[in-house]
Amino acid sequence: MNKQELDILLTLSFENYSNQRCLSNKTGYSLGLVNRCIKKLSESGYLDGEVRLTDKAEKLFAKSRPQNAIILAAGFGMRMVPINMETPKALLEVKGERLIERLIKQLNEVGIEEIYVVVGFMKESFEYLIDEFGVKLLVNPEYTAKNNLYSLYLASEYISNTYILPCDLWCAENPFRERELYSWYMVSEVLTEESDVRINRKMELVRTREDVAGNKMIGISYIFEKDAADIKKRIIELSKERKYYGIYWEEALYKNYCMILYPKMVRDSEVIEINTYEQLRELDSSSGQLKSDAVSIAAKVLRVKENEIININVLKKGMTNRSFSFVCHEKKYIMRIPGEGTENLINRQEEVEIYGKISKQGICDNIIYINADNGYKITEYIEGARVCDPFLESDIRKCMKKLREFHECNFYVAHEFDIWRQIEFYESLWRKEASFYKDYIQTRENIFSLKAFTEQHIDRKTLAHIDAVPDNFLFMTDERGEEDIRMIDWEYAGMQDPHIDIAMFCIYSFYDKEQVDHLINLYFKEGCERMIRIKIYCYIAACGLLWSNWCEYKRELGVEFGEYSLRQYRYAKEYYRIVRKELERMEDKKHA
């Protein structure tokens, strides 16, 4: 049977036949097509002379009946900032009902009791569903590093006559049915540039070109038994490849740029995906989940009502914090919300002190509000600004010039960023007994053996940025139309040897030794003494261990930084060896 015949048979299974015109209206197919389908179904023994289902049809429905459902609810829901700090997306309340509870109830209504929920972020929040609805929880421990393809991999053994759905949907009417006859994927009638799939004339779901809008992807699908084996195999294969860690599970549905599932198109108002604070507010302005202290603070600071804070959009997730932009009275701002475990990493009172020193010096971004108690910060959004490209020569030259000028201001604050103590401090935050790295004890011993040499060659200490990485150099245009550079994110700043900032720039950029030496030369226009250069190598080694320890702490909190953490540990080991070789050469020269 083709899709049209299956749709006619499905429609007749839910409603008694009255006439072909009614069938045409229900299915959207022409009268001629409906007539041909009825004729073919009758000839095949699925319909009798009264256009009623035969025993053969009933057996087909019994075989293809939906058996279970998999709800994907492991993700962090970054775009829900600022309200996802306390509540996973699946547990947001809309019209007095939690999203995931409504979906489970709708599944139950059509007889589906076997429901698997894949959880990760705030997984404990879902435990009550076991008692209340009898669901089974599957835990994705890698939800921070991998997308929902891996979540579905963990549940792949259960795929057969199965509904698969995301947790962030609000369905006006029940999208699930007691009867299904084929595999399908739900899309909206709305076309959007965010989608890369569209329904073609053959009623297939095919990939679009980059410049062509596609049908909005809803995410609900039904996997029929006969397609399950191929899809499971594809999911397992893709989930093993690192390059697919960040993709959605739908990638497993494509063969030669075409989905192997039929499309199921719905009106945009029937199923609403809630990805952002704005979408939730639009759907249910009275939702209790809209009560966000971040939005309340922004409104209070700007002396407006909360509903005047609009166009809320999450920014790229930072390594320490989360931030979102918003508009108020046609002016754009950025609000920072501290990330996981930040209260153990940052002294916000010291940060406030630093901004007090530099905020009027044309060095940093424009601060509207900063709170030493909770770490919230509001700054003006700079239109057209961009961050430094660490592989663009003109950019790094300007950044080193800016960094040198800042260091020469000789700002003083009352606290120091002691790199050696910080290494030990981050280590003390680990809940586990030892590092993830087997040779950590030896590596740590090697790094601390460089401490005496490093401190011996410190000429002076001044306010250092500490986190002077390319992303924290903001290129902008000033009021005169001239290019200006501002340094942002001063959370770790403190008194220290200013040359540590050069090392920080290098290791974040993943520079090799040739690039490191080039950056040092750009900072020291007058030339860099050999001992100073070796000292910077020492800082690269020490800072590599510092941020590796930092990453180990964040990893325990469920925040994974992938390659970054591994590369930092490599810097610790490799630059220790580089320093030892440099010092040995100097010793050999002395005795030559």
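The values are calculated or read from the model by the stated rules, or taken from the named source; none is laboratory data. Here the structure is a predicted model, which is why all the values come from computation and not from measurement. Cβ placement follows ideal geometry from the backbone for every residue including glycine, while neighbour counts extend to all protein chains displayed. For the accessible areas, the whole protein counts, side chains as well, though only heavy atoms, and no ligand, DNA or RNA atoms are used. Shrake-Rupley method; radii C 1.70, N 1.55, O 1.52, S 1.80 Å.
So which residues in the range 13-36 are at pLDDT below 90, surrounded by 13 or more Cβ atoms within 10 Å (Cβ to Cβ) and not aromatic (Phe, Trp, Tyr), if there are any at all?
Ser13, Gln20, Cys22, Leu23, Ser24, Lys26, Thr27, Val34
For the range 269-297, which residues satisfy the criterion of being in a loop (DSSP other than H, G, I, E, B) and either more than 22 Å from the chain's Cα centre (by Cα) or farther than 23 Å from Asn374 by Cβ (or both)?
Within the range 269-297, Ser269, Glu270, Ile274, Asn275, Asp284, Ser285, Ser286, Ser287, Lys291 meet the criteria.
Would you check which residues across the range 210-225 are assigned to a loop (DSSP other than H, G, I, E, B) and either open to solvent by less than 20 Å² (accessible area, probe 1.4 Å) or touching a Phe, Trp or Tyr at 6+ places or on another chain (Cβ under 7 Å) (or both) and list them?
Passing the criteria: only Phe224.
How many of the residues making up the range 373-384 are open to solvent by less than 30 Å² (accessible area, probe 1.4 Å) and without any contact (Cβ under 8 Å) to a residue 40 or more places away in the chain?
Qualifying residue count for the region: 0.
Quick check on the range 479-513: of everything there that is over 25 Å from the mean Cα position of the chain (by Cα) and of a type in the set (Gly, Ala, Ser), which residue is most open to solvent (accessible area, probe 1.4 Å)?
Gly481
Filter the range 333-372 down to residues that are open to solvent by 30 Å² or more (accessible area, probe 1.4 Å), in a helix (DSSP H, G or I) and not polar (S, T, N, Q) and give me whichever is farthest from Arg486 (Cα to Cα).
Here the residue is Glu343.
Would you point out the residue of the range 408-460, among those that are touching a strand residue (DSSP E or B) at 6+ places or on another chain (Cβ under 6 Å) and farther than 25 Å from Asn344 by Cα, that is least open to solvent (accessible area, probe 1.4 Å)?
First pass over the range 408-460, keeping only residues touching a strand residue (DSSP E or B) at 6+ places or on another chain (Cβ under 6 Å): 410-411, 413, 415-417.
Checking the rest, the ones that are also farther than 25 Å from Asn344 by Cα come to 410-411.
On the way: Asn410: 90, Phe411: 31 Å².
Checked the range 408-460; the qualifying residue least open to solvent (accessible area, probe 1.4 Å) is Phe411.
Kindly indicate which of Gly134, Gly111 is surrounded by fewer than 16 Cβ atoms within 10 Å (Cβ to Cβ) and free of Cβ contacts under 8 Å to residues at least 24 places away in the same chain.
Gly134
Out of curiosity, is Val51 in contact with a Leu (Cβ under 6 Å, 6 or more places away or on another chain), without any contact (Cβ under 8 Å) to a residue 60 or more places away in the chain and open to solvent by less than 40 Å² (accessible area, probe 1.4 Å)?
no
Any residue in the range 259-284 that is touching a residue at least 24 places away in the same chain (Cβ under 8 Å) and aromatic (Phe, Trp, Tyr) sitting within a Cβ distance under 7 Å of a residue that is buried (at least 18 other Cβ atoms within 10 Å of the Cβ) and assigned to a strand (DSSP E or B)? List the pairs, counting only those 6 or more apart or interchain.
As it stands, the answer is Tyr262/Trp184; Tyr277/Ile312, since those pairs meet every condition given.
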